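The values are calculated or read from the model by the stated rules, or taken from the named source; none is laboratory data. Note that the structure is predicted; figures quoted are calculated from it, not measured. Here the Cβ is made from the backbone with ideal geometry for all residues, glycine too, and neighbour counts use every protein chain on show. Areas reflect the complete protein model, heavy atoms only, side chains present, ligands, DNA and RNA absent. Shrake-Rupley method; radii C 1.70, N 1.55, O 1.52, S 1.80 Å.
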Amino acid sequence: MKYGTSLIALLAAGCAATGLDTADLPPADVAVASAYAETEAVASMDDAADDPAIWINRADPAASRVLGTDKQAGLYVYDLQGAILDFLPAGQLNNVDIRQGVALDGYEGDLAAASNRSDNTVTFFAIDPATGETAELGRLPTGKTEPYGFCLGYDGETVHAFVTYKDGAVQRWRVSGFADGAVSATAGEGWKLETQLEGCAADEENGQFYIGEEMRGFWRAPLSGGEAVLVDEISGESGLTGDVEGIDIYEGDAGTGWIVVSSQGSSTFNVYDRAAPNAYLGRFALTLGEDMVTGTDGLDVAGGEISASLPEGLLVVQDDVNSHPGQPQNYKLVDWREVMTALEK
């Protein structure tokens with residue numbers, strides 16, 4: 001559906017009370033999807049919640065979990081209704097990502113990792129495949145100040161840790177194992193764009209890597225290394241607006257699916273075909289009742305059946321202004337069918 005003038009008026013009327021600027025509201029002609037739940041708010045005030053990652057419980061998908069960073073304090077673990085199950089005070093974690101079924105020297109299981117600005121590391125976490133219990137595993141020094149965006153890749157032999165920076169650099173680390181809190185890794189070829197980066201995503205199946213350059217656009221590069229190509233530029237026909245922030249891949253069968261990109265400046269989400277050249281397919285906005293999801297930073301999406309109530313997948317997004325009632329920032333959870341309905345797919 002589209003926003004009606006009555007909804008826009010209702011949201012605008014509440015802006016003064018909630019601290020939301022009317023300029024942050026999406027355009028009135030953008031399709032709308034509804035979140036089914038939200039997480040409990042992070043404890044830190046102001047700009048704190050940043051990026052989520054979805055962990056699937058293979059034995060009991062309804063017991064899957066959502067990890068979410070508090071970039072002032074650490075890592076939250078939520079259930080699929082948004083209740084806090086755990087908190088790990090690991091430092092100023094910015095972006096987090098997960099790979100499951102990892103087998104490396106000295107480690108087998110599921111793996112999460114996050115960029116950590118407290119000590120300029122990538123901080124790794126073990127996730128118990130049976131229970132979802134999460135514990136810190138080790139830290140990899142990046143050798144560079146303020147690791148910012150982050151994503152993981154896994155090719156069946158090596159974990160690839162990608163770190164993005166405000167100077168336009170993308171580091172690639174090849175992680176080969178863990179032992180006694182130490183991380184074995186070597187630096188590999190990355191990329192260098194011109195201006196500030198954050199979101200990224202690795203598509204191992206299709207051999208592609210995606211990068212968000214905040215005030216330029218959305219890029220694709222060969223995962224093995226090579227020149228990056230601009231897929232979509234801000235201020236173009238798709239409505240992509242700076243800052244370009246969270247990026248993730250909805251994985252369908254045989255390499256099919258969608259790429260979701262948060263367009264922070266317009267409080268909307270752009271959707272592209274997963275297959276190169278990544279045709280633009282549409283955009284949507286999100287709401288949970290009267291709480292308009294605005295200024296989204298990080299996001300994550302998981303395709304396929306997760307539970308009886310999420311038969312086609314889950315989208316989780318950060319909400320910059322958690323406004324009804326006014327609380328610290330949090331994450332909204334969206335049934336993927338809502339997105340497909342909004343996009344008329």
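Please specify each residue of segment 68-78 satisfying the condition of being of a type in the set (S, T, N, Q), surrounded by fewer than 24 Cβ atoms within 10 Å (Cβ to Cβ) and in a strand (DSSP E or B). None - no residue of segment 68-78 is of a type in the set (S, T, N, Q), surrounded by fewer than 24 Cβ atoms within 10 Å (Cβ to Cβ) and in a strand (DSSP E or B), so the list stays empty. For segment 160-178, the candidate set comprises residues that are open to solvent by 60 Å² or more (accessible area, probe 1.4 Å) and assigned to a strand (DSSP E or B); within that set, the residue that is modelled with the lowest pLDDT is SER176. Residues that are modelled with pLDDT under 95 and part of a strand (DSSP E or B) within segment 291-308 comprise ASP291, MET292, SER307, listed in sequence order. In the set GLU305, GLU290, GLU338, only one residue is farther than 13 Å from SER34 by Cα, open to solvent by 10 Å² or more (accessible area, probe 1.4 Å) and not aliphatic (A, V, I, L, M); that residue is GLU305.
Let's see how each residue does on (1) more than 30 Å from ALA342 (Cβ to Cβ); (2) of a type in the set (Ser, Thr, Tyr):
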site	(1), (2)
TRP191	yes, no
ASN206	no, no
TYR210	no, yes
ARG216	no, no
ARG220	no, no
TRP258	no, no
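Only one entry in GLY282, GLY295 is at positive phi and within 15 Å of the chain's Cα centre (by Cα), namely GLY295. In this structure, PRO52 qualifies as at pLDDT 90 or above and open to solvent by less than 20 Å² (accessible area, probe 1.4 Å). Here the condition is being modelled with pLDDT of 95 or more, among the hydrophobic types (A, V, I, L, M, F, W, C) and exposed (fewer than 13 other Cβ atoms within 10 Å of the Cβ); of ALA202, ALA187, ALA228, it holds for ALA187 alone.
Within segment 226-243, the set of residues being part of a strand (DSSP E or B) and more than 25 Å from TYR154 (Cβ to Cβ) comprises LEU230, ASP232, GLU233. Residue-level check: of (1) at pLDDT below 90; (2) closer than 23 Å to GLY246 by Cα; (3) of a type in the set (Gly, Ala, Ser), GLY14 misses just (2). Against the conditions (1) more than 23 Å from ARG220 (Cα to Cα); (2) open to solvent by less than 10 Å² (accessible area, probe 1.4 Å), PRO325 satisfies every one except (2). The residue that is surrounded by the fewest Cβ atoms within 10 Å (Cβ to Cβ), among those in segment 205-225 that are of a type in the set (Gly, Ala, Ser) and part of a strand (DSSP E or B), is ALA221. When TYR36, TYR3 are screened for being of a type outside the set (Asp, Glu) and modelled with pLDDT of 95 or more, only TYR36 passes. Regarding GLU194, is this residue assigned to a loop (DSSP other than H, G, I, E, B) and modelled with pLDDT of 95 or more? For GLU194, the condition - assigned to a loop (DSSP other than H, G, I, E, B) and modelled with pLDDT of 95 or more - is met.
The strands (runs of 3 or more DSSP E) found wholly in segment 79-159 and carrying at least 2 residues that are among the β-branched types (Val, Ile, Thr) and in contact (Cβ under 8 Å) with a residue 12 or more places away in the chain occupy 93-104, 121-127.
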